[in-house]
Amino acid sequence: MSTDPLSGTNDPDLVMVKADALIHRHHARSLSGLDNDLPMLEEVLGEDLPLLEDVAEPAFAAAPPGQAAAPLPADSRLEELEARHAEQIALLEAEQAATLARLARAEQALEAATHLASATKMQVAEQLIEFDAHLAQNLEAWISRELPQILARELDGLRDRIRTQTLAQLHATLIPELSEKLSETLDVATRDESRP
(Lines give C-alpha, C1' and ligand atoms only; values in the text may rest on other atoms or scores of the structure.)
Protein backbone atom coordinates (compact mmCIF):
# COMPACT_ATOMS: atom_id res chain seq x y z
CA MET A 1 0.00 0.00 0.00
CA SER A 2 1.55 3.39 -1.06
CA THR A 3 1.99 6.04 1.67
CA ASP A 4 3.86 9.32 1.96
CA PRO A 5 7.64 8.98 2.43
CA LEU A 6 7.40 11.50 5.30
CA SER A 7 5.05 9.23 7.25
CA GLY A 8 7.79 6.67 7.73
CA THR A 9 7.06 4.16 4.91
CA ASN A 10 9.48 4.23 1.93
CA ASP A 11 7.53 3.49 -1.29
CA PRO A 12 9.49 3.83 -4.58
CA ASP A 13 6.25 4.06 -6.59
CA LEU A 14 5.21 7.22 -4.75
CA VAL A 15 8.62 8.73 -5.39
CA MET A 16 8.26 8.10 -9.11
CA VAL A 17 4.74 9.58 -9.13
CA LYS A 18 5.92 12.80 -7.50
CA ALA A 19 8.94 13.02 -9.79
CA ASP A 20 6.65 12.64 -12.78
CA ALA A 21 4.39 15.41 -11.41
CA LEU A 22 7.42 17.65 -11.06
CA ILE A 23 8.42 17.02 -14.70
CA HIS A 24 4.88 17.82 -15.92
CA ARG A 25 4.80 21.00 -13.83
CA HIS A 26 8.10 22.15 -15.28
CA HIS A 27 6.83 21.41 -18.79
CA ALA A 28 3.62 23.41 -18.14
CA ARG A 29 5.63 26.39 -16.82
CA SER A 30 7.97 26.38 -19.81
CA LEU A 31 4.94 26.40 -22.13
CA SER A 32 3.29 29.31 -20.28
CA GLY A 33 6.47 31.40 -20.49
CA LEU A 34 7.12 31.56 -16.71
CA ASP A 35 10.75 32.23 -15.79
CA ASN A 36 10.45 31.28 -12.11
CA ASP A 37 13.08 28.94 -10.80
CA LEU A 38 12.06 25.34 -10.47
CA PRO A 39 11.65 24.09 -6.92
CA MET A 40 14.18 21.62 -5.68
CA LEU A 41 13.19 17.97 -5.52
CA GLU A 42 13.48 18.16 -1.75
CA GLU A 43 10.92 20.99 -1.70
CA VAL A 44 8.39 18.79 -3.51
CA LEU A 45 9.04 15.49 -1.77
CA GLY A 46 10.24 16.78 1.52
CA GLU A 47 13.69 16.80 3.08
CA ASP A 48 13.49 13.22 4.32
CA LEU A 49 14.06 11.48 0.97
CA PRO A 50 14.42 7.71 1.27
CA LEU A 51 17.82 6.29 0.44
CA LEU A 52 18.23 3.65 -2.26
CA GLU A 53 19.27 1.17 0.39
CA ASP A 54 16.09 1.89 2.34
CA VAL A 55 13.92 1.37 -0.73
CA ALA A 56 15.69 -1.78 -1.96
CA GLU A 57 16.29 -3.36 1.44
CA PRO A 58 12.82 -4.88 1.91
CA ALA A 59 12.98 -6.49 -1.54
CA PHE A 60 16.30 -8.16 -0.80
CA ALA A 61 15.45 -9.22 2.76
CA ALA A 62 16.34 -12.80 3.47
CA ALA A 63 13.49 -15.27 3.41
CA PRO A 64 12.74 -17.36 6.48
CA PRO A 65 14.70 -20.61 6.77
CA GLY A 66 13.36 -23.38 4.54
CA GLN A 67 11.46 -20.94 2.33
CA ALA A 68 12.83 -19.62 -0.98
CA ALA A 69 12.83 -15.90 -1.56
CA ALA A 70 10.02 -14.66 -3.78
CA PRO A 71 11.43 -13.69 -7.19
CA LEU A 72 11.29 -10.02 -8.05
CA PRO A 73 9.39 -8.98 -11.17
CA ALA A 74 12.68 -7.91 -12.74
CA ASP A 75 14.22 -11.31 -11.97
CA SER A 76 11.26 -13.18 -13.47
CA ARG A 77 11.37 -10.90 -16.51
CA LEU A 78 15.11 -11.57 -16.82
CA GLU A 79 14.54 -15.30 -16.51
CA GLU A 80 11.80 -15.09 -19.16
CA LEU A 81 14.12 -13.17 -21.50
CA GLU A 82 16.91 -15.67 -20.86
CA ALA A 83 14.56 -18.58 -21.58
CA ARG A 84 13.33 -16.90 -24.79
CA HIS A 85 16.90 -16.14 -25.76
CA ALA A 86 17.85 -19.78 -25.14
CA GLU A 87 14.90 -20.92 -27.30
CA GLN A 88 15.96 -18.58 -30.10
CA ILE A 89 19.54 -19.82 -29.86
CA ALA A 90 18.29 -23.42 -29.97
CA LEU A 91 16.14 -22.63 -33.02
CA LEU A 92 19.08 -20.91 -34.75
CA GLU A 93 21.36 -23.85 -33.94
CA ALA A 94 18.73 -26.27 -35.29
CA GLU A 95 18.35 -24.20 -38.49
CA GLN A 96 22.14 -24.01 -38.82
CA ALA A 97 22.42 -27.78 -38.37
CA ALA A 98 19.66 -28.35 -40.97
CA THR A 99 21.40 -25.96 -43.37
CA LEU A 100 24.73 -27.71 -42.86
CA ALA A 101 23.03 -31.06 -43.44
CA ARG A 102 21.48 -29.78 -46.68
CA LEU A 103 24.85 -28.43 -47.79
CA ALA A 104 26.49 -31.76 -47.00
CA ARG A 105 23.83 -33.61 -49.02
CA ALA A 106 24.25 -31.15 -51.89
CA GLU A 107 28.03 -31.66 -51.84
CA GLN A 108 27.55 -35.43 -51.87
CA ALA A 109 25.09 -35.16 -54.77
CA LEU A 110 27.51 -32.91 -56.67
CA GLU A 111 30.39 -35.31 -56.04
CA ALA A 112 28.26 -38.25 -57.19
CA ALA A 113 27.18 -36.35 -60.32
CA THR A 114 30.81 -35.43 -61.08
CA HIS A 115 31.90 -39.03 -60.63
CA LEU A 116 29.03 -40.24 -62.84
CA ALA A 117 29.90 -37.67 -65.54
CA SER A 118 33.56 -38.74 -65.46
CA ALA A 119 32.61 -42.42 -65.70
CA THR A 120 30.20 -41.68 -68.56
CA LYS A 121 32.90 -39.72 -70.38
CA MET A 122 35.34 -42.62 -70.04
CA GLN A 123 32.70 -45.06 -71.23
CA VAL A 124 31.90 -42.93 -74.29
CA ALA A 125 35.64 -42.64 -75.09
CA GLU A 126 36.02 -46.42 -74.88
CA GLN A 127 32.98 -46.93 -77.12
CA LEU A 128 34.39 -44.46 -79.68
CA ILE A 129 37.71 -46.35 -79.71
CA GLU A 130 35.89 -49.63 -80.20
CA PHE A 131 33.75 -48.12 -82.97
CA ASP A 132 36.83 -46.74 -84.74
CA ALA A 133 38.47 -50.18 -84.72
CA HIS A 134 35.22 -51.80 -85.88
CA LEU A 135 34.90 -49.21 -88.68
CA ALA A 136 38.46 -49.84 -89.90
CA GLN A 137 37.92 -53.62 -89.91
CA ASN A 138 34.60 -53.37 -91.75
CA LEU A 139 36.06 -50.95 -94.30
CA GLU A 140 38.92 -53.31 -95.10
CA ALA A 141 36.57 -56.28 -95.35
CA TRP A 142 34.19 -54.36 -97.62
CA ILE A 143 37.02 -53.24 -99.95
CA SER A 144 38.40 -56.78 -100.11
CA ARG A 145 34.96 -58.17 -100.90
CA GLU A 146 33.47 -55.52 -103.18
CA LEU A 147 36.42 -53.98 -105.06
CA PRO A 148 37.25 -57.08 -107.15
CA GLN A 149 33.64 -57.31 -108.27
CA ILE A 150 33.58 -53.62 -109.15
CA LEU A 151 36.84 -53.95 -111.10
CA ALA A 152 35.57 -57.07 -112.87
CA ARG A 153 32.40 -55.32 -113.95
CA GLU A 154 34.34 -52.29 -115.12
CA LEU A 155 36.89 -54.44 -117.01
CA ASP A 156 34.09 -56.41 -118.65
CA GLY A 157 32.50 -53.18 -119.78
CA LEU A 158 35.84 -51.88 -121.02
CA ARG A 159 36.44 -55.10 -123.00
CA ASP A 160 33.03 -54.86 -124.59
CA ARG A 161 33.56 -51.22 -125.49
CA ILE A 162 37.03 -51.98 -126.96
CA ARG A 163 35.61 -54.86 -129.03
CA THR A 164 32.73 -52.76 -130.27
CA GLN A 165 34.97 -49.85 -131.22
CA THR A 166 37.49 -52.18 -132.89
CA LEU A 167 34.82 -53.84 -135.03
CA ALA A 168 33.40 -50.47 -135.96
CA GLN A 169 36.82 -49.21 -136.95
CA LEU A 170 37.45 -52.46 -138.89
CA HIS A 171 34.27 -52.08 -140.88
CA ALA A 172 34.97 -48.46 -141.49
CA THR A 173 38.55 -48.72 -142.72
CA LEU A 174 39.93 -52.23 -143.32
CA ILE A 175 36.96 -53.92 -144.99
CA PRO A 176 36.51 -51.19 -147.66
CA GLU A 177 40.21 -51.39 -148.41
CA LEU A 178 40.11 -55.15 -148.70
CA SER A 179 36.98 -54.99 -150.81
CA GLU A 180 38.64 -52.57 -153.20
CA LYS A 181 41.74 -54.76 -153.42
CA LEU A 182 39.59 -57.82 -154.12
CA SER A 183 37.69 -55.98 -156.80
CA GLU A 184 40.91 -54.99 -158.56
CA THR A 185 42.18 -58.57 -158.42
CA LEU A 186 38.99 -59.90 -159.94
CA ASP A 187 39.14 -57.34 -162.72
CA VAL A 188 42.67 -58.34 -163.62
CA ALA A 189 41.76 -62.02 -163.66
CA THR A 190 38.75 -61.39 -165.86
CA ARG A 191 40.78 -59.47 -168.36
CA ASP A 192 43.38 -62.22 -168.52
CA GLU A 193 40.75 -64.87 -169.18
CA SER A 194 39.15 -62.89 -171.95
CA ARG A 195 42.35 -62.70 -174.04
CA PRO A 196 42.80 -65.32 -176.87
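The values are calculated or read from the model by the stated rules, or taken from the named source; none is laboratory data. Owing to the predicted nature of the structure, the values given are computational and were not obtained by experimental measurement. Virtual Cβ from ideal backbone geometry, glycine too; neighbours counted across all protein chains shown. For accessibility, only protein heavy atoms count, side chains too; no ligands or nucleic acids. Shrake-Rupley method; radii C 1.70, N 1.55, O 1.52, S 1.80 Å.
For this structure, a couple of remarks:
- For the stretch 89-152, the dipole from Cβ point charges (+1 on Lys and Arg, -1 on Asp and Glu) about the Cα centre works out to 100 debye, to the nearest 20.
- Most positive-pole-ward Cα, Leu103, Ala141, Thr120, against dipole of the stretch 94-196 from beta carbon charges: Leu103
- With DNA, RNA and ligands ignored, accessible area of Asp20 (1.4 Å probe; Å², nearest 10): 80
- For Val17, solvent-accessible area (1.4 Å; no DNA, RNA or ligand), Å²: 90
- Radius of gyration and Dmax over the Cα atoms of the stretch 71-196, both given in Å: 52.2, 180
- Rolled with a 1.4 Å probe across the full set of protein chains, the surface gives Arg159 an accessible area near 140 Å².
- Basic side chains Lys and Arg get +1 at the Cβ, acidic Asp and Glu get -1 at the Cβ, and with that the dipole of the stretch 83-194 about its Cα centre reaches some 500 debye.
- Site pair Leu158 and Glu79 shows an inter-label distance of 11.5 nm when each label is modelled 7 Å from Cα along Cα→Cβ.
- Based on protein heavy atoms only, the stretch 124-196 ends up with 92 Å² per residue of surface accessible to a 1.4 Å probe.
- About the Cα centre, charge dipole magnitude for the stretch 76-121 (Lys/Arg +1, Asp/Glu -1 at Cβ), debye: 380
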